[in-house]
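Notes follow the structure.
The values are calculated or read from the model by the stated rules, or taken from the named source; none is laboratory data. A quick note: this is a predicted structure, and the numbers were derived from the prediction, not measured. Cβ coordinates were reconstructed from backbone atoms using ideal geometry, including for glycine residues, and neighbour counts include every protein chain displayed.
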Amino acid sequence: MSLMQRSSPHVMGRNTTSRIMLWVIVAALPGLLALSYFYGWGYLINTVICVVSAVLAEAAILMLRKRPVLKTLKDASAVLTGVLLGVTLPPFAPWWIMVIASGFAMVFVKHLYGGLGQNLFNPAMAAFALVLISFPLPMTTSWSTPEAISGEPLPSFSQQLSHNLEWQAYDGITMATPLDHYKTKIKRLTADELAQTPEYVAGPFYGILWVNLAFLLGGLLLLFLKIISWHGPVGLFTGLLVLALPFSADADSAMPVLMHLFAGATVFGAFFIVTDPASSATSNRGKFIFGFGVGILTYCIRTWGNFPDAIAFAVLLMNISAPFIDHYTRPRTYGKPKPVSGYKLPEESP
Amino acid sequence: MSRVDRIWPLPGGIHPPEHKSESNGRPIARLPAPHHVVLPLHQNSGLPAEPMVAIGEQVQRGQLIAKGHHPVSALVHATISGRVTAIEDRPFAHPSGLSVPSIVIESLSDQEAALSPEAVSMAPMRDWATETKERLVSRIQEAGITGLGGAGFPSHIKYLGQRQIHTLIVNGVECEPYITADDRLMREHATDIVTGTQIALKILSASTAFIAIEDNKPEAISAIKAALVAVTDTRIKVKVVPTKYPSGGEKQLVYLLTGREVPSGDIPASLGIVMQNTGTLYAIKEAVVSGTPMTERVVTITGEGTPNPGNYWVTIGTPIQDALAATQVAVTGNRPRVIMGGPMMGYDVDITAPVSKVTNCLLVPSATEFPTAPDPDPCIRCGLCEQACPANLLPQKLFWNAVHHEWEQARLNSLSDCIECGACSWVCPSNIPLVQHYRFAKAEIKREAIETIKADQSRLRFEQRQARLERDAAEKDAKRKARAAEAAKAQAAKAQDTPSTLDASAKDAILASVARAKAKKAASTGPVTQEALENTVVLAQQAVDKTRVKLATAVSDGLPSVEALTGALQKLEKRLADAQSALQSHTETGDAP
Ligand code: SF4
Ligand code: SF4
């Protein structure tokens, strides 16, 4: 290795892996705060539980894999996964769901594939999908409702904490997510009637809109810092709009376009999930296609599927396709007439 | 904006700290003439030259002291007047750290020097505009001018290419941090560079010249512009390019200025473009107009380890340690550490090695200036490298391919188009020494390719041997049948013969069979081996011829493969010689049984 150290370049930029992870965490904070403001302490408590269990799980698997523990934990990627899970899981879900999700994300999704940067699936999304399928009841009924909609105050910190620390899922004032709600109600009501229901008098998708805007703010920060590129997010919005614009024009029969964009996890997914470099496609073109696919699938699952939100499943499906996308989206290298595409070298011209 | 003024922005690229101000503030100073110089016979990527002087012989500055048989082997000129004291292997400033045969010249004592002429003089061609192209090219060759950057090709080669050239690009970009040699040269010798450009335009019969300078060198830009105003040559244009590393890379600069890309694996001449360094054009002007051979160049000596950072005229062949000592750098043993070139693409050199024609910078870092990179973290696939790559590659994929020895995949990901600029390594947050991995991968791929060729050759040999054996078997079979037929005949004849003649005929038969056995033996060993040897010679000859042709084209087009081909040719020639001598000795021994 001595040879390696002495060859060019002799200078390095000042970027570090942990700096990147920390910025992504910082960028997720506005969203987390907005969630907590509108939906109560649950999100913050969940985030803490997820971060702690993700870090512990990573430490454990690192020891098992005989890898340096502290050095690896320092890169803050486990913390980031914890935060992403914290903002994804329902605020009234019991603590063990967080622990299972975080542990699964770290051990099975990340480290069994070789650790940081080598995972095929997005850890947060895979873990979310796992607990959603395994524990459908707490996962679908543990969402909270803003006070302006339910008329009931959000639980205090200590109340919330005791809910979260119970074994049983809390089922007091919980309700389905706005997307779910609209989807079930619109079968019986017109859009105008729906607007009169208590869920809508406070304003169209009250709360969740601000959450989405807060995530957008964080996403723009990441774009500004050049930590993410625009291709994935723009791809996702494009994919979603391509289907939503023609098929969701009639608000009486389908979820309106704006709801697709701002009433679910779309913005979060666009800037924090689709942009996960390890499990996304590689080239800029590939990232766009990856995002585009997530957008299309999200629309399809939301419209015809049975799950509260579709980002997670759409992302997982695209994760599987990413290596394939990579083979067909290599950039055109300087001096080559066209990109090298596919799995075989082109016939060499003599 | 017209095509002529337009700049095509470079994809990727980085902005490392420039560190130019340390060395670009003072005029170029001249280092005192060295006590001795070391002139490698392998100064450039061409073939080695052969010495034309003997030890003890007195030579003059500018005298031709070594030359090669091949056009690409540059001529080696004495860079000081003095006496040849050794012709031996000496360390050479090259990434490989190899030693190569070199001529050592020691300067004369003062009395001796007073008696001998200063330098070999070439007649100045003040009226160069009326000279023929051929005379100008041979002047460039005689003056020993090579490219002052990169691989250091003999410059006249660029003027001998067969392809029609329309644009000359003068590369004054100097995008590497720390280096300011071209900057100072342009500020102080703008008129000379412009004259050099005009001479080059004439030789190439090109219609346009772009002088490209990065916008962090405002003084150089205005100096060149002023010089252009003075000559009013409308063919020559200054193009200011944004400061960004690696804008000065040959391929990158071609794109920046013309919007065209040099095809993968080819050279700018395929687009009708020739690129020259400012220093080369300065040297061309000196050689043509003043008749001065190229014996010195501007070297930036900089870094926190130098008390007097700046630019210096350094005699080519000066041992690096002597050049450093002349600028008051403390030299002890093999310390300090010296990087030849800049921090992005330079390499560590042995300080006993000489300054060569491509030495643009001697960077002497302090112990803390370029800290050893911390151990790399895993690749997080953040894609920062990809955004920084000026060649539009996927560095993170190439890294993965290199680590997992996926050579086929590496080729799919166009590894060979990587210019090793190091932009990807620079931005990598995980501190992965990406370029080192690519160098390793390239070397491995090359090795495997060579092995495949070898395997192909031995397969060919095997097949030929197989075919020969089959042929032999068939012949033998035919003979055996013939013999059987003969024997049957003899049998028939014997039945009618008398006993007395039977004895004789049996004798005959025995004799005949002995003779046959002898002949057979001869047939199976002698001629066959002879044939095989002849075969080998023919094959070797063919291989040598083919490689010679390839080398010649590579040389005339200035392709980077010259070095590899040269090595291959040497090996093949050796193989041919071996085969010939084997054949020779066989024929001799075979002829005398
Ligand atoms: S910059 Fe480094 S860590 Fe990021 S993708 Fe490239 S090689 Fe991997
Ligand atoms: S070293 Fe190669 S891969 Fe890295 S940025 Fe330069 S050209 Fe691209």
Could you give me the residue pairs with C-beta distances under 6 Å whose first residue belongs to the range B:247-276 and is acidic (D, E), whose second residue is part of a helix (DSSP H, G or I) wherever it lies, and which are 6+ apart or on separate chains? B:E261/B:Y255
In the range B:415-439, residues that are of a type outside the set (S, T, Y), touching an Asp or Glu at 6+ places or on another chain (Cβ under 7 Å) and near ligand 1 (Cβ under 10 Å from one of its atoms) total 1
From the list B:V364, B:V403, B:V427, B:V358, pick out the single residue that is more than 10 Å from ligand 2 (Cβ to nearest atom), touching a strand residue (DSSP E or B) at 6+ places or on another chain (Cβ under 7 Å) and at negative phi. B:V364
Residues of the range B:370-386 being within 9 Å of chain A (Cβ to nearest Cβ) and either more than 30 Å from A:L73 (Cβ to Cβ) or within 15 Å of ligand 2 (Cβ to nearest atom) (or both), in sequence order, are B:C379, B:R381, B:C382, B:G383, B:L384, B:E386
Would you mind stating whether B:H77 is modelled with pLDDT of 75 or more and crowded, with 21+ Cβ neighbours inside 10 Å? yes
One residue from B:S430, B:S458, B:S416, B:S425 being more than 21 Å from the chain's Cα centre (by Cα), more than 8 Å from every other protein chain (Cβ to nearest Cβ) and among the polar types (S, T, N, Q): B:S458
In the range B:358-413, what count of residues is obtained for those that are within 16 Å of ligand 1 (Cβ to nearest atom) and either assigned to a helix (DSSP H, G or I) or not β-branched (V, I, T) (or both)? 35
Go through the range B:387-413 and report how many residues are over 17 Å from B:E444 (Cβ atoms) and either more than 8 Å from chain A (Cβ to nearest Cβ) or under 25 Å from the mean Cα position of the chain (by Cα) (or both). 6
Subset of the range A:137-158 (residues that are surrounded by fewer than 13 Cβ atoms within 10 Å (Cβ to Cβ) and not hydrophobic (A, V, I, L, M, F, W, C)): A:G151, A:E152, A:P153, A:S156, A:S158
Failed condition for A:G82, given (1) under 19 Å from A:M21 (Cβ atoms); (2) in contact (Cβ under 8 Å) with a residue 40 or more places away in the chain; (3) in a helix (DSSP H, G or I): (2)
When restricted to A:L209, A:L225, A:L240, A:L189, the only residue within 30 Å of B:P395 (Cβ to Cβ) and either more than 15 Å from the chain's Cα centre (by Cα) or within 14 Å of another protein chain (Cβ to nearest Cβ) (or both) is A:L225
Quick one: is A:T298 touching a Leu at 6+ places or on another chain (Cβ under 9 Å), of a type outside the set (F, W, Y), surrounded by 18 or more Cβ atoms within 10 Å (Cβ to Cβ) and in a loop (DSSP other than H, G, I, E, B)? no
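Among the residues that make up the range A:39-50, is at least one of them among the aromatic types (F, W, Y), more than 14 Å from chain B (Cβ to nearest Cβ) and outside any helix (DSSP H, G or I)?
Going through the range A:39-50, the residues among the aromatic types (F, W, Y) turn out to be A:39, A:41, A:43.
Cutting the leftovers down to more than 14 Å from chain B (Cβ to nearest Cβ) gives us A:39, A:41, A:43.
Pick out the ones that are also outside any helix (DSSP H, G or I) and you get A:41.
Checked the range A:39-50: at least one residue is among the aromatic types (F, W, Y), more than 14 Å from chain B (Cβ to nearest Cβ) and outside any helix (DSSP H, G or I).
Any chance you could count how many residues in the range A:11-38 are of a type in the set (A, V, I, L, M, F, W, C), within 20 Å of the chain's Cα centre (by Cα) and either within 16 Å of ligand 1 (Cβ to nearest atom) or not in a helix (DSSP H, G or I) (or both)?
So the answer is 5.
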Do we have A:A322 as closer than 30 Å to A:L44 by Cβ and surrounded by 19 or more Cβ atoms within 10 Å (Cβ to Cβ) here? no
Considering only helices (runs of 4 or more DSSP H) wholly within the range B:152-254, the ones with at least 3 residues that are within 16 Å of ligand 2 (Cβ to nearest atom) and in contact with a Cys (Cβ under 8 Å, 6 or more places away or on another chain) are none
